[in-house]
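A.B. asks: First the structure, then my questions, so here it is.
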Amino acid sequence: MQRLTNRQIILGITGGIAAYKCAELTRLLKGAGADVRVVMTPAATEFITPLTMQALSGNPVHHQLLDPEAEAGMGHIELAKWADLILIAPASADFMARLESGQGNDLLTTLCLATDAPICLAPAMNQAMWRDIATQANADKLQQRGIKLFGPGTGEQACGDTGPGRMLEPAELAQLCAEQFSSGALSGKTVFITAGPTREPLDPVRYISNHSSGKMGYSLAQAAVDAGARVKLISGPVNLAAPERLQRVMVQTARDMLDASLDGIEQCDIFIASAAVADYRPTAVAEHKMKKGKEEVMELHLVKNPDIVATVAARPDKPFTVGFAAETQDVLAYARDKLQRKNLNLIVANDVSRSDIGFNSDENAVTVISADQDQPLPQTSKRQLANQLIELIASEYNRNSQ
Ligand code: C5P
């Protein structure tokens, strides 16, 4: 269960008799190295006290949506962002119905709406309630939305019935949580990742740049760290905090980014170029601020920047090299051309003509292209997509080095 070390888990408890097992579940998750924050629905507090859960988790328990004191500490949006995983155990039939219909009428449902962390449910209810057509339909729809169901198990129930609907045992749930995290697929590998835009100065106060937020590159860096890699994140100017447990090198221009990329490249196993590098820079940078003149039209002279990923991929000791292709038309054809031209092992193609994904958005959908296959990864949060991409890159890297 090493995969739970340093993971931030929200344990959501809803109203059901199996809530008493959450004490043991919290102890197991904590024992495996996870940081656990407990969120309870009002009904859950009838079955187990917040005080018990606070003592076991070592963190304040959250149980009210509109609690000014709690919001001043860690508000519901911060909590939603904090979580690496939300486990709801026990998940009652009522909770599943509310989650399915997108309600936000208590803290736990609101968190589920606001998070982009994976959500897992451990259903627990009477066998007839579980078999009910409405509950079954809700379970199906939740799974279609990517929400995982752990169980339920079958057996004797608190009410005296026997059948499906028992919550899985705490040890099984802790194990299933651990399995949700990356496999250590890049254990011991060194990964360089470029991210964000570059800034090409015109004079001391102006520059040419683009709208790249760096979110995709930063999510990839986090996912690579989670997969066990040593990561160097070479970042243009962005508004993002450095993920923990990696080396971040901040750069401004494409040439700075190239220098930082080549520094230590001999140790690099996998190079991922997700930066939106400016293709051109001004031929000269004015020493002083350029003044407005009489002319209506101003001409700028630009010179081509070095292609960072192509430079890396042209080396005799080339690492496994992954590029990105952000395109607005003929996405796959342009991406395939880039794969060949830049001598890449993989290219991640995305359609930036869509405003709901890509640049500056929190979501993305891509196709990963190699010399012999295309693999589409459907729309999801950049964080989840990054995990999927890192798993895929790791397996292609392993296939390549056999
Ligand atoms: O040629 P284009 O900019 O469309 O290629 C995109 C891919 O090349 C991305 O992986 C990007 O990070 C990389 N690139 C680079 N250096 C450049 C231009 C693009 O590394 N100067």
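A.B. asks: Taking a 32 Å limit on the Cα-Cα distance, which of the listed pairs Lys232/Lys292; Lys30/Lys215; Lys215/Lys304 fall beyond it?
C.D. replies: Lys232/Lys292
A.B. asks: Moving on to the next point. Show which aspartates and glutamates lie in cross-link reach of Lys141 when reach means a straight Cα distance below 14 angstrom and same-chain residues fewer than eight apart are skipped.
C.D. replies: Glu100
A.B. asks: To continue, here is another question. Restricting things to alpha carbons, tell me how big region 190-401 is in terms of Rg and Dmax, in Å.
C.D. replies: Here Rg and the maximum Cα pair distance are 17.5, 62 Å.
A.B. asks: With everything on Cα atoms, drop me the angle between helix 133-144 and the longest principal axis of the chain, reported from 0 to 90° to the nearest 10.
C.D. replies: It is inclined by approximately 20 degrees.
A.B. asks: Give me the distance between the Cα centres of region 187-244 and region 1-69, rounded to whole Å.
C.D. replies: Using only Cα atoms, the two centres lie 34 Å from each other.
A.B. asks: Which peptide among 375-382, 21-28 comes first, and what is the full order, when sorted by highest mean count of other Cβ atoms within 10 Å?
C.D. replies: For the peptides 375-382, 21-28, the packing ranking is 21-28, 375-382.
A.B. asks: Quick one: which of Lys189/Lys382; Lys289/Lys342; Lys21/Lys81 span more than 31 angstrom between C-alpha atoms?
C.D. replies: Distance filter (> 31 Å) returns Lys289/Lys342.
A.B. asks: Peptides 115-124, 363-372: what's the order by average Cβ count within 10 Å, highest mean first?
C.D. replies: 115-124, 363-372
A.B. asks: Counting only DSSP beta bridges with both residues in region 2-179, what percent are antiparallel, rounded to the nearest 5?
C.D. replies: Antiparallel bridges make up about 20 percent of those DSSP assigns within region 2-179.
A.B. asks: Largest first and in whole Å, what are the equivalent-ellipsoid semi-axes of the chain based on the Cα gyration tensor, each being the root of 5 times an eigenvalue?
C.D. replies: Equivalent-ellipsoid dimensions as semi-axes: 46, 23, 19 Å.
A.B. asks: Right, next: Select from region 116-196 those trypsin sites (Lys or Arg not before Pro) which occupy a DSSP coil region and have at most 16 other Cβ atoms within 10 Å, ordered by residue number.
C.D. replies: Arg145
A.B. asks: Using a 1.4 Å probe on the protein heavy atoms, what percent of the accessible area of the chain belongs to carbon and sulfur?
C.D. replies: After summing per-atom areas, the C and S share lands at 49 percent.
A.B. asks: One quarter of the convex hull surface, Cα atoms only: what value does that give for region 2-179 in nm²?
C.D. replies: Mean projected area of the Cα convex hull: 9.1 nm².
A.B. asks: Can you give me the accessible area per residue for the chain, using a 1.4 Å probe, in Å²?
C.D. replies: 48 Å²
The values are calculated or read from the model by the stated rules, or taken from the named source; none is laboratory data. Just so you know, these numbers come straight off a predicted model, no measurement behind them. Counting neighbours? That spans all protein chains shown, and the Cβs are built from the backbone with ideal geometry, glycine included. Areas reflect the complete protein model, heavy atoms only, side chains present, ligands, DNA and RNA absent. Shrake-Rupley method; radii C 1.70, N 1.55, O 1.52, S 1.80 Å.
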